[in-house]
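*Asks:* Quick one: the structure is below, questions incoming.
The values are calculated or read from the model by the stated rules, or taken from the named source; none is laboratory data. Bear in mind the structure is a predicted one, so any value in this text is a computation, not a measurement. Virtual Cβ from ideal backbone geometry, glycine too; neighbours counted across all protein chains shown.
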Amino acid sequence: MDRVPVLTLGDILLVSIQIDLEDQLAVRLQEDLADRIVATGAHGVIIDITALDIVDSFIGRMLSTIAAISKVLDAETVVVGMRPAVAITLVELGLSLQGVRTALNVELGLRLLGRNRADRLEPVDADAIEPLEPTAAT
Amino acid sequence: MDAEATARLHTLLTTHRDALVKHWVATVAQTLRGRQSEAELQRQVEEVLGALVAAAEGGRSLELATADSGELRAVLSELSGNRARQGFSATETAVTVFGLKEALLAIQPTNDAKRLREYVEYSRFVDEIGLFTFETYAKAREALIADQAEQLLELSTPVVKLWDGVVAVPLVGTLDSARAQVVMERLLQTLVDTASPYAIIDITGVSAVDTQVAQHILKTVMAARLMGADCVISGIRPQIAQTIVALGIEFSDIVTKASLADALAHVLRAGGADVARRAARSVA
């Protein structure tokens, strides 16, 4: 039976969904991801849905569930590459991906996860963290 | 019109052709009041008359819907289409055809009952082609309006890149659902194409906002957020702010800024850039 491959990139897991997700496949993906997060100690999960033409309420709920599971295992989930048509449909249906962070592409998703990690762990560079004062710009 | 009447009309039209054209042109020229040269009008009238004679030929009964009248229909469509594009009114276009009635009356006195009955029959046919002319006139006008609406749609929705990773849509004019839809799709597509995590929707040029338009803007912001981009709305005018509050529209957690400049400064800071004004140089 088909499986959605889960790739490891440092402490981040990358999942690229290229096929239609059926119930079985989705459940298996959830299990695989949970296993891999624990096994690798990953801190971030990136789910790439560039190839998906349709995101229905089922897939929407699955993404939310994955995000919730990852959260429990201390990993942040970012959904990347949602197409405009998909986003419009989701809004029209009134679905919001609860608890899921999004980015335009994998690169920006990686950056987003990297920034969060930096915020959490390594306040090395004081300048980078300092909240920006509203300087005399206005 | 039956075959007999058609034959009589055909004879009438061919024998009195010149007088007919003269009367016809005179009648129509009066209503057009010099907006079209007489020579041009004469050409048009002769064209219609020629087509009418051709349609009445052959001894069959004259009906506008038959294949025999194809030429006549084409001539009439062209005439009314041209009139519509040149800005003539519906009356002026219809009168061009109804002028034939006056002309027929002038060349054929109706003092006996038989003639009168014939005239009524011709008149009915002229009414028919008049209606046809009016219908094509209306169609031509509608096509014109549809074209213009489409052009307006195309010209009014640019998505511009303001900075690395920042795109903006300056909205101008009235927003209806169709335009809002186009703006929404174009903005989202640009976000993907340029991988810009920030978008600014500037509504300085929007004259009015109703619930539907606000709904569309909100949906755009939500869709952009789902895709992983942040939207800022700028340039809300005082009246529009009042309308939004009066209508009870929730802009909730969407960032709104007074001007495009403020919005740009905001997203640059959010993106991690420092925005600062240099100390003013002292004037020596």
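*Asks:* Would you be able to tell me the number of residues in the stretch A:96-113 that are more than 9 Å from every other protein chain (Cβ to nearest Cβ) and at pLDDT below 85?
*Replies:* So the answer is 2.
*Asks:* Which strands (runs of 3 or more DSSP E) sit wholly inside the stretch B:174-284 and have at least 3 residues that are among the β-branched types (Val, Ile, Thr) and touching a helix residue (DSSP H, G or I) at 6+ places or on another chain (Cβ under 9 Å)?
*Replies:* B:198-206
*Asks:* Also, quick follow-up: Criterion first (without any contact (Cβ under 8 Å) to a residue 60 or more places away in the chain, of a type outside the set (Gly, Ala, Ser) and either within 14 Å of another protein chain (Cβ to nearest Cβ) or in a loop (DSSP other than H, G, I, E, B) (or both)) does residue A:2 satisfy it?
*Replies:* Yes; evaluated as a whole, the condition is true for this residue.
*Asks:* Testing residue B:91 on (1) β-branched (Val, Ile, Thr); (2) surrounded by 14 or more Cβ atoms within 10 Å (Cβ to Cβ); (3) within 24 Å of the chain's Cα centre (by Cα), one condition comes back false. Which one is that?
*Replies:* Condition (2) is where residue B:91 drops out.
*Asks:* Which pairs do you get when a residue that is at the interface with chain A (Cβ under 8 Å from one of its Cβ atoms), found in the stretch B:216-235, comes within reach of a residue that is in a helix (DSSP H, G or I) and among the small types (Gly, Ala, Ser), reach meaning Cβ atoms under 6 angstrom, with the pair 6+ apart or on two chains?
*Replies:* Going by the 6 Å Cβ cut-off, the qualifying pairs are B:223/A:87; B:226/A:87; B:227/A:87.
Yes/no matrix, rows are residues, columns are (1) more than 14 Å from every other protein chain (Cβ to nearest Cβ); (2) of a type outside the set (Phe, Trp, Tyr):
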| site | (1), (2) |
| --- | --- |
| B:122 | yes, no |
| B:136 | yes, yes |
| B:148 | yes, yes |
| B:162 | yes, yes |
| B:174 | yes, yes |
| B:188 | no, yes |
| B:191 | no, yes |
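Residue-wise test of (1) over 31 Å from the mean Cα position of the chain (by Cα); (2) among the charged types (D, E, K, R); (3) modelled with pLDDT of 85 or more.
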{"residue": "B:69", "(1), (2), (3)": "no, no, no"}
{"residue": "B:74", "(1), (2), (3)": "no, no, yes"}
{"residue": "B:86", "(1), (2), (3)": "no, no, no"}
{"residue": "B:100", "(1), (2), (3)": "no, no, yes"}
{"residue": "B:109", "(1), (2), (3)": "yes, no, no"}
{"residue": "B:113", "(1), (2), (3)": "yes, no, no"}
{"residue": "B:118", "(1), (2), (3)": "yes, yes, no"}
{"residue": "B:128", "(1), (2), (3)": "no, yes, yes"}
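*Asks:* For the stretch A:36-52, enumerate the residues that are surrounded by 14 or more Cβ atoms within 10 Å (Cβ to Cβ) and either part of a loop (DSSP other than H, G, I, E, B) or small (Gly, Ala, Ser) (or both).
*Replies:* Selection gives A:42, A:43, A:44, A:49, A:50, A:52.
*Asks:* Same structure again: Residue A:21 fails exactly one of the following numbered conditions: (1) touching a Leu at 6+ places or on another chain (Cβ under 8 Å); (2) modelled with pLDDT under 90; (3) not in a loop (DSSP other than H, G, I, E, B). What is the number of that condition?
*Replies:* Here residue A:21 meets the rest and fails (3).
*Asks:* Quick one: count up the residues across the stretch A:53-77 that are closer than 20 Å to residue A:18 by Cβ and either assigned to a loop (DSSP other than H, G, I, E, B) or at the interface with chain B (Cβ under 8 Å from one of its Cβ atoms) (or both).
*Replies:* 4
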